[in-house]
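Participant: Structure incoming, see below.
The values are calculated or read from the model by the stated rules, or taken from the named source; none is laboratory data. Computed from a prediction, not measured in an experiment: that's the story for all the values here. No Cβ is skipped: glycine too gets one built from the backbone with ideal geometry, and neighbour counts run over all protein chains shown.
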Amino acid sequence: MSIEQRLGVNIDHVATLRNARGGTYPDPLRAALMAEAAGADGITAHLREDRRHIRDADIDALIGGLRIPLNFEMAATAEMQAIALRHRPHAVCLVPEKRAERTTEGGLDVVADQDRLRDFIAPLVEAGCRVSLFVAAEEQQLQSSAEVGAAVVELHTGAYCDLHAAGNHLGADEELARITRSARFAAELGLEVHAGHGLSYETVSPIAALPEVAELNIGHFLIGESVFLGLGPAISEMRRLMQNARR
Ligand code: PXP
């Protein structure tokens, strides 16, 4: 098994906290630099259409200030494509976006949107971005992701984490089995496999243990836990659990 597995730290909720008071504190770039110092392999930031957390100026600051790669999460809209093409981040992760949702609820429907996504992705790939599609653990979605030219799929772990939190261990195990099969299938298609959404110290180990999963992207739990432990120690503990799971 490959021991190396990257941890991308999502800093959106540092911006959520800043925006709650309307000022400049706490600064997402400062959090990103602390995450970098604590051993994060990348920073993930989602520029939403409504700019509810990360703002355009945050993306400028992250691009200018980070040494580790930026994973730019965005909806597949013309506005976001123009921003990505201007900045050319290391990675672009396409997610579905609904205004009323609290967080990204489901995966992209790549099957239904195949032609549009193929055209949307091509210029991003040409600009040198690694394009990732955030999808549910379903074979057809993975097949279509490979067909539209994505290099990476990020498997949505939200349902698994929600079932676990609800104490539905049978349901969580079934979802974990689907993620396990999907990770294998995606790797067979030649896709790099990432996973994320809702992961915590309690749920990370079985996902981190999947040999095909090259990267985890984790945000809300780490930012929450940093209130108690500090950001660096919260990240170090996550890293430790990931490494243990892969031994
Ligand atoms: N990956 C993707 C594609 C996401 O949309 C999100 C949430 O923004 C995450 C990972 C991180 O999820 P969480 O904040 O629940 O850890």
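Participant: State yes or no: is Leu210 under 18 Å from the mean Cα position of the chain (by Cα), away from the ligand (no atom under 15 Å from the Cβ) and surrounded by 16 or more Cβ atoms within 10 Å (Cβ to Cβ)? Show your work before the answer.
Facilitator: Details: under 18 Å from the mean Cα position of the chain (by Cα): yes; away from the ligand (no atom under 15 Å from the Cβ): yes; surrounded by 16 or more Cβ atoms within 10 Å (Cβ to Cβ): yes.
For Leu210, the condition - under 18 Å from the mean Cα position of the chain (by Cα), away from the ligand (no atom under 15 Å from the Cβ) and surrounded by 16 or more Cβ atoms within 10 Å (Cβ to Cβ) - is met.
Participant: Gly64 versus (1) surrounded by fewer than 16 Cβ atoms within 10 Å (Cβ to Cβ); (2) under 29 Å from Gly232 (Cα atoms); (3) within 16 Å of the ligand (Cβ to nearest atom): which is the lone unmet condition?
Facilitator: (3)
Participant: Residues of region 99-143 being within 12 Å of the ligand (Cβ to nearest atom), at pLDDT below 95 and not hydroxyl-bearing (Ser, Thr, Tyr), which ones? Break it down stepwise before answering.
Facilitator: First, pick out the residues of region 99-143 that are within 12 Å of the ligand (Cβ to nearest atom): 101-108, 132-136.
Going one step further and asking which of them are at pLDDT below 95, we end up with 101-107.
If the condition is that a residue be within 12 Å of the ligand (Cβ to nearest atom), at pLDDT below 95 and not hydroxyl-bearing (Ser, Thr, Tyr), then Glu101, Arg102, Glu105, Gly106, Gly107 are the ones that fit.
Participant: Of all residues in region 149-172, which are more than 18 Å from Ala208 (Cα to Cα) and crowded, with 21+ Cβ neighbours inside 10 Å?
Facilitator: Ala150
Participant: Please verify whether region 70-90 includes one or more residues that are outside any helix (DSSP H, G or I), over 23 Å from Gly107 (Cα atoms) and of a type in the set (A, V, I, L, M, F, W, C). Break it down stepwise before answering.
Facilitator: Residues of region 70-90 that are outside any helix (DSSP H, G or I), as a first pass: 70-77, 88-90.
Filter again for over 23 Å from Gly107 (Cα atoms), leaving 88.
If we keep only those that are of a type in the set (A, V, I, L, M, F, W, C) as well, we get none.
No, because not a single residue in region 70-90 is outside any helix (DSSP H, G or I), over 23 Å from Gly107 (Cα atoms) and of a type in the set (A, V, I, L, M, F, W, C).
Participant: Kindly indicate whether Ala112 is surrounded by fewer than 16 Cβ atoms within 10 Å (Cβ to Cβ), without any contact (Cβ under 8 Å) to a residue 60 or more places away in the chain, not in a helix (DSSP H, G or I) and not basic (Lys, Arg). Working first, answer last.
Facilitator: Numbers: surrounded by fewer than 16 Cβ atoms within 10 Å (Cβ to Cβ): yes; without any contact (Cβ under 8 Å) to a residue 60 or more places away in the chain: yes; not in a helix (DSSP H, G or I): yes; not basic (Lys, Arg): yes.
It is true that Ala112 is surrounded by fewer than 16 Cβ atoms within 10 Å (Cβ to Cβ), without any contact (Cβ under 8 Å) to a residue 60 or more places away in the chain, not in a helix (DSSP H, G or I) and not basic (Lys, Arg).
Participant: Among the residues of region 18-40, count how many are touching a residue at least 60 places away in the same chain (Cβ under 8 Å) and surrounded by fewer than 18 Cβ atoms within 10 Å (Cβ to Cβ).
Facilitator: Restricting attention to region 18-40, the residues satisfying the condition of being touching a residue at least 60 places away in the same chain (Cβ under 8 Å) are 31, 34-35, 37-40.
In the following step, the residues that additionally are surrounded by fewer than 18 Cβ atoms within 10 Å (Cβ to Cβ) were identified as 37, 39.
Number satisfying all stated conditions: 2.
Participant: Another question about this same structure. Can you report the number of residues in region 1-37 which are of a type in the set (A, V, I, L, M, F, W, C), within 16 Å of the ligand (Cβ to nearest atom) and in a loop (DSSP other than H, G, I, E, B)?
Facilitator: In the first step, residues of region 1-37 are kept if they are of a type in the set (A, V, I, L, M, F, W, C); the result is 1, 3, 7, 9, 11, 14-15, 17, 20, 29, 31-35, 37.
This time we only want the ones that are within 16 Å of the ligand (Cβ to nearest atom), so: 7, 9, 11, 14-15, 17, 31-32, 35.
So of that shortlist, the ones also in a loop (DSSP other than H, G, I, E, B) come out as 11.
Here the count works out to 1.
Participant: Among the numbered criteria (1) surrounded by fewer than 22 Cβ atoms within 10 Å (Cβ to Cβ); (2) away from the ligand (no atom under 13 Å from the Cβ), which one does Glu225 miss?
Facilitator: Of everything listed in (1) surrounded by fewer than 22 Cβ atoms within 10 Å (Cβ to Cβ); (2) away from the ligand (no atom under 13 Å from the Cβ), Glu225 misses just condition (2).
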